[in-house]
Amino acid sequence: MTADTVTMTDNQDLRRQMVETCRQMNATGINQGTAGNLSVRTGDGFLITPSSLPYDRMEPDDLVEMAFDGTYVGRRPSSEWRFHRDILRQRGDIDVVLHCHSLYATTLAVHHKTIPSFHYMTGVAGGTTIRCAKYATFGTQQLSDYALEALEGRLACLLGQHGQISLGKTLESALWLANEVETLSRMYVQALTLGEPPILPDDEMERVIEQMRRMSYGQAPDLDGINDIARPRQAG
Ligand code: 13P
C-alpha cells in the first residue's frame, strides 16, 4: 500500500467512532491502561488501534490503516494485528474485532476454562459454549491460529492466560458482546463458588439460539450469519 492510495485523513467518521468505542471500553470497565485493541474492516483493508497508546490520549488520526498483506500507513499498529487481520479475512460475517483483558473473562482464561451453557445467554456468542483458545505469546501468528480455531462458529472466545475477543458487524454490537462475555464470566466465576452448575442441554440451547436469531435478541443480530462462517470474504 502506498501513501497515495490511503491517506491519514481517510474515514474520519469511522476513526472518530472507533476512538469513542475505545473510550467506552475503558468507561464500561472491560479495559484499562494500554491493554486491548480494536479493528474495523474498511473498503480495502482495515483500521486498527496503534500499539501502546492509552485510549484517553488517542486521537482519530492515531488509528492505523492496514492492508491484508500487513503493510500499513501511520503509527505502529497493535501488536495483535495478525489476529485482527486473520479474523477479518476469514470471517465474512463480521466487520469488527475487539480484544480486551476484562477481569472475569481473564480469570476464567487463566484457568483455560471454556464457558459452558450454564446460563442461556451463553448462546449470544452463537453456540453452546464460549471456548478458550490455547495459550501462545501475544502478537504471534500462533496466537492468531489458536484464536481462529476457538472462534469457529462463534462470535467470541477467551484467550488462554490472556483475555477475550468479541466480534460484531458494528462497533456497537462488538462492544455489547464484549460486555456480555464479561458479565457471563462473572456469573460463572460466582456460580463456581457453589460447585459446578448444571448445564443446559444442547437441544435447549438450539432452541435458545433459534429464538435469539428470530427475535434479534439483545444486540446480537449477528447470529444471522453465524452458520455461514465457512464462507471466507476476499480481501479488498
Ligand atoms: P497493543 O497495545 O500492541 O494493542 O497490545 C495490547 C494487548 O492487549 C496485547 O494483547
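Can you pull the percent of segment 89-195's accessible area that's carbon plus sulfur, 1.4 Å probe, other chains left in place? The nonpolar share, carbon plus sulfur, comes to 53 percent. Between 0 and 90 degrees, rounded to the nearest ten: what's the tilt of helix 141-150 against the longest Cα principal axis of the chain? For 141-150 against the chain, the angle is about 40 degrees. Rg then Dmax, both in Å and based on the Cα atoms of segment 1-145: 15.8, 52. Less than 5 angstrom separates the built amide H of residue 168 from those of 95, 96, all sequence-distant by 5 or more or on a different chain. Angle of helix 202-215 to the longest C-alpha principal axis of the chain, folded into 0 to 90 degrees and rounded to 10: 50°. Against the chain, whose longest principal axis comes from its Cα atoms, helix 81-90 is set at around 70 degrees. At R0 = 22 Å, how high is the FRET efficiency between residue 57 and residue 14 if r is their beta carbon distance? Nearest 0.05 is fine. Efficiency for this residue pair is about 0.70. Stretched out straight at 0.36 nm per residue, the stretch from residue 112 to residue 210 would grow longer than its current Cα-Cα span by 32.5 nm. Annotation: per residue accessible area for the chain equals 45 Å², rounded to a whole number [probe 1.4 Å, protein chains only].
The values are calculated or read from the model by the stated rules, or taken from the named source; none is laboratory data. Just so it is clear, the structure is predicted and the values come from calculations on it, not from any experiment. Cβ coordinates were reconstructed from backbone atoms using ideal geometry, including for glycine residues, and neighbour counts include every protein chain displayed. Just so you know, the surface numbers come from the protein's heavy atoms only, side chains and all, with ligands and any DNA or RNA stripped out. Shrake-Rupley method; radii C 1.70, N 1.55, O 1.52, S 1.80 Å.
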